[in-house]
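Okay, so here's the structure we're looking at.
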Amino acid sequence: MAEASKPVIVVSEPLSDRALEYLRRHGEVRQVPPEAAADAVAEADALVVRTYTQVDEALLARAARLKVVGRAGVALENIDVAACRARGIEVVHTPAANTLAVVDFTIGLLIQLNRRFWPIAGPVTAEQFHAARAQAFGCFLADRTLGIIGCGRIGSRVGRAAAALGMTVLYNDILDINVDYPAEAVDKPALYSRSDIISIHVPATPLTVKMINAETIAQFKPGAQFINTARGQCVNYRDLADAIRSGQVSACAIDCHDPEPPPPDYPMFAVMGENVILTPHVAARVPAAMEGMSDVVFDVVRVLAGEAPEYPAPIEAAPSD
């Protein structure tokens, strides 16, 4: 049994050492894997998760004394926020922790798709050096139009960086957003048909799940490129793979997959090549960003102490990342 004076805090996914030590100063920390979280919450006053722990009705039904769920990260699709709030359970997260990391990574993918990198792996002969240097690939980004779907914290910064590179920027969001750099708000059909490159920055919600599919891809400008550093569930990857084969999509860079990890029959594996970049959901994996996401523990302790959190989950549908 836990000490009466100490709340039980279940942690089901990795946190920084600093964050864990902070929690230990304020409660009894029990670390379990995601699949054991439902069993562990029976005695929990707080639950801290990341991406893979499902906080749903089944888990909450076993959480008799839970006061707060902390999501070390931005998106909340693995947490039934409404069900938590109906039970008087607060939900907190870290909405800005990984913004800069994902922006940097997205711009890196954008450059890689259009310029490529040619690393020297070791000593080369003069002939090999000049043969590699003779290769020509890509285009000026300043000649390209970038379409951004979801112009929240991340999408708006990606647009600012692209505008600074001289790109034409189009954007679409469910909210009426004004940006402070040259960019044009358009509807989705216009964005699809006018963009040379499309990058999505939305959470997984009923509005966005499988939003990139055969029907929407058919509206893309022929030969457009596609980038996803948001959520894998937002894309029908079988349809995207078909579009790569047909040339409707000329290149893509995918950091977020569905499911994760992708299985051996994942459709994108069948079209891998120089025009298809696949990375293992690492856009936010910068030490400073990881530390920032672990800072959710401060709000968890605030709620346990009866104080208002600094970053409660939004009450309405999740905004763009």
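Any read-out appearing in this document is the output of simple, stated calculations on the displayed coordinates, not a laboratory observation. Please read these numbers as outputs of a predicted model, since none were measured by experiment. Here Cβ is always computed from backbone atoms with ideal geometry, including for glycine, and neighbour counts include all displayed protein chains.
Some points to look at:
- Taking all Cα pairs closer than 8 Å and separated by 6 or more residues, the relative contact order of segment 99-278 comes to 18 percent.
- Student exercise, segment 93-160 dipole from Lys, Arg, Asp, Glu Cβ charges, in Debye to nearest 20: 200 debye
- Each 5 Å bin, from zero up to the one with the longest distance, holds this percent of the alpha carbon pairs of segment 41-92: 5, 23, 39, 25, 7, 0.
- Listed from fewest to most Cβ neighbours within 10 Å, the set THR94, THR145 follows the order THR145, THR94.
- Sequence-distant lysines (8 or more away, or on other chains) whose Cα lies within less than 20 Å of LYS67: LYS6
- The charge dipole of segment 138-202, taken about its Cα centre with unit charges on the Cβ atoms of Lys, Arg (+1), Asp and Glu (-1) only, comes to about 180 debye.
- Assigned charges on the beta-carbon of Lys, Arg, Asp, Glu; segment 99-278 dipole about Cα centre (debye): 240 debye
- Straight Cα distances below 28 angstrom link LYS221 to the lysines LYS188, LYS210, with same-chain residues fewer than 8 positions distant left out.
- Farthest towards the positive end of the charge dipole of the chain, among the residues GLN31, ALA58, ALA185, is the Cα of ALA185, using unit charges on the Cβ of Lys, Arg, Asp and Glu.
- Built amide H within the under 5 Å cut-off of GLU90, gap 5+: VAL68, VAL69
- Normalised contact order of the chain, rounded percent, pairs of Cα under 8 Å and 6 or more residues apart: 19 percent
- P(r) histogram, all alpha-carbon pairs of segment 99-278 included - 5 Å bins from 0, percent: 1, 8, 17, 20, 20, 14, 9, 5, 3, 1, 0, 0
- Whole-Å distance, taken between Cα centres, linking segment 263-281 and segment 188-227: 18 Å
- Other residues whose C-beta falls under 13 angstrom from the C-beta of ALA136 contribute a net charge of +3, scoring Lys and Arg +1 and Asp and Glu -1.
- GNM top mover of ASP265, ASP242, ASP45 - the chain, alpha-carbon springs below 10 Å: ASP265
- Under the span-like rule (Cα at least 30 Å along the axis, Kyte-Doolittle mean at least 0.5), DSSP H helices of the chain: none
- Positive-end residue of GLY122, ALA214, ILE315, charge dipole of the chain with Cβ unit charges: GLY122
- Residue with peak Gaussian network fluctuation, the chain [Cα springs, cutoff 10 Å], from GLY138, GLY223, GLY159: GLY138
- Computed from the C-beta positions of VAL124 and ALA96 and an R0 of 45 Å, the FRET efficiency is 0.55 to the nearest 0.05.
- Taking the number of Cβ atoms within 10 Å of each Cβ as an exposure proxy, the fewest-first ranking of HIS281, HIS130, HIS201, HIS257 is HIS130, HIS281, HIS257, HIS201.
- Relative contact order (%) - criterion: Cα under 8 Å, at least six apart; region: segment 196-309: 22 percent
- Structure remark: mean-square fluctuation, Gaussian network model of the chain, C-alpha springs under 10 Å; the largest value among ALA42, ALA230, ALA185 belongs to ALA42.
- Sequence of LEU15, LEU60 once ranked by neighbouring C-beta atoms within 10 Å, starting from the fewest: LEU60, LEU15
- log₁₀ of I(q)/I(0) at q = 0.14, 0.15, 0.16 Å⁻¹ - the chain, Debye sum with one point per alpha carbon: -1.07, -1.17, -1.26
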